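**Q** Before I ask anything, let me first share the structure, which is written out below as structure tokens.
Every number in this text was worked out from the coordinates using simple rules, so none of it is lab data. If you're wondering where the values come from, they're calculated on a predicted model, not measured in any experiment. Positions of Cβ are backbone-derived with ideal geometry, glycine not excepted, and every protein chain shown enters the neighbour counts.
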Amino acid sequence: MQAIGLIETRGLTPALEALDAMCKAANVKLVSFKRVGSGLVTVIVEGDVAAVQAAVGAGAASYGRTGGELVASNVIPRPHHDLAKMLF
């Protein structure tokens, strides 16, 4: 795994909108879709660093179309293998 990207939104619909934009913007693969609680949903994708950065940027920009709230977004290049075990 070269990089992982995370987007957390409040609500399922904004998370799906962000995921759609992420997958259309770059060559990334969905690895996890977690419902955290209190309406928070986290989408995790993986790919090469540039693709993940582009995807997270597109996902963060797209959430507003659904009226949702972007809570956080992050790109982790070359994550430690123990981190990958914890997320998946």
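**Q** Students often forget the sequence filter, so: which aspartates and glutamates lie under 17 Å Cα-Cα from residue 34 once same-chain residues fewer than 8 apart are removed?
**A** Those aspartates and glutamates meeting the cut-off are 8, 17, 20, 46, 69.
**Q** Exactly which trypsin sites (Lys or Arg not before Pro) in region 1-72 are in a DSSP loop and have at most 11 other Cβ atoms within 10 Å?
**A** Answer by residue number: there is no such site.
**Q** Still on this structure: If I fit a long axis through the Cα atoms of helix 12-25 and take the longest principal axis of the Cα atoms of the chain, what angle between them do I get, 0 to 90°, rounded to 10?
**A** So the helix axis and the longest Cα principal axis differ by about 50 degrees.
**Q** OK, next. Using only Cα atoms, tell me the angle between helix 49-62 and the longest principal axis of the chain; keep it within 0 to 90° and round to the nearest 10.
**A** It is inclined by approximately 10 degrees.
**Q** Taking neighbour Cβ counts within 10 Å as the exposure measure, how do 13, 42 sort from fewest upward?
**A** Sorted ascending by nearby Cβ count, the order is 13, 42.
**Q** Net charge within 12 Å of residue 68 by Cβ-Cβ distance, Lys/Arg positive one each and Asp/Glu negative one each, not counting residue 68 itself?
**A** -1
**Q** Bin all alpha-carbon pair distances of the chain at 5 Å intervals from 0 and give each bin's fraction as a whole percent.
**A** P(r) for the chain, in whole percents per bin: 3, 18, 29, 24, 17, 7, 1, 0.
**Q** Let me ask something else about it. Could you check the simple spin-label distance between residue 2 and residue 20, using points 7 Å along Cα→Cβ, in nm with one decimal?
**A** 2.7 nm
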